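Below: the structure, in structure tokens.
The values are calculated or read from the model by the stated rules, or taken from the named source; none is laboratory data. Because the structure is predicted, anything quoted here is derived from the model rather than measured. Heads up, the Cβs are rebuilt from the backbone with ideal geometry, glycines too, and the neighbour counts pull from every protein chain shown. Heads up: the accessible areas ignore ligands, DNA and RNA and are worked out on the full protein's heavy atoms, side chains in. Shrake-Rupley method; radii C 1.70, N 1.55, O 1.52, S 1.80 Å.
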Amino acid sequence: MSDFMKWLYPRYIRPYLDAVPQADYSFHFELVENELGQHAVESYEKIQEFTAIHAFLLGLRTGAGLAGISPP
């Protein structure tokens with residue numbers, strides 16, 4: 001993973017995720033966060049970072065791929 005993506009995550013991706021309403025998922029987030037020990041919470045946060053970065057990149061690639069087929 002590039003240094004740029006590691007820089008982008010705390011400055012753009014994570015604040016966006018924190019601002020999105022969790023709605024039906026808030027129970028599940030709270031359940032996991034309350035049940036994990038400190039060491040596991042750190043690992044859970046790194047897993048979230050990895051997943052969010054790659055979801056962001058997938059969105060960029062998908063958008064770029066769709067740009068060529070969209071009607072004028």
Accessible surface, per residue, of the stretch 3-63 when the full set of protein chains is kept, probe 1.4 Å, Å²: 81 Å²
Excluding LYS46 itself, what net charge comes from residues whose Cβ is under 15 Å from its Cβ, given Lys and Arg +1 and Asp and Glu -1? -2
At 222 nm, what value in deg cm²/dmol follows for the chain if DSSP H runs of at least 4 each add -39500 (n - 2.57) and the sum is divided by all its residues, to the nearest 500? -23000 deg cm²/dmol
Grab the alpha carbons of the chain, take their convex hull, and tell me the volume per residue in Å³. 128 Å³
Determine the dipole magnitude for the stretch 3-63: charges of +1 sit on the beta-carbon of Lys and Arg, -1 on that of Asp and Glu, nothing else is charged, the reference point is the Cα centre, and the result goes in debye to the nearest 20. 400 debye
I'd like the orientation of helix 38-67 relative to the chain: the angle between its Cα long axis and the longest Cα principal axis, in ° from 0 to 90, rounded to 10. 10 degrees
Per the 1.4 Å probe, what fraction of the accessible area of the chain, in percent, lies on carbon and sulfur atoms? 63 percent
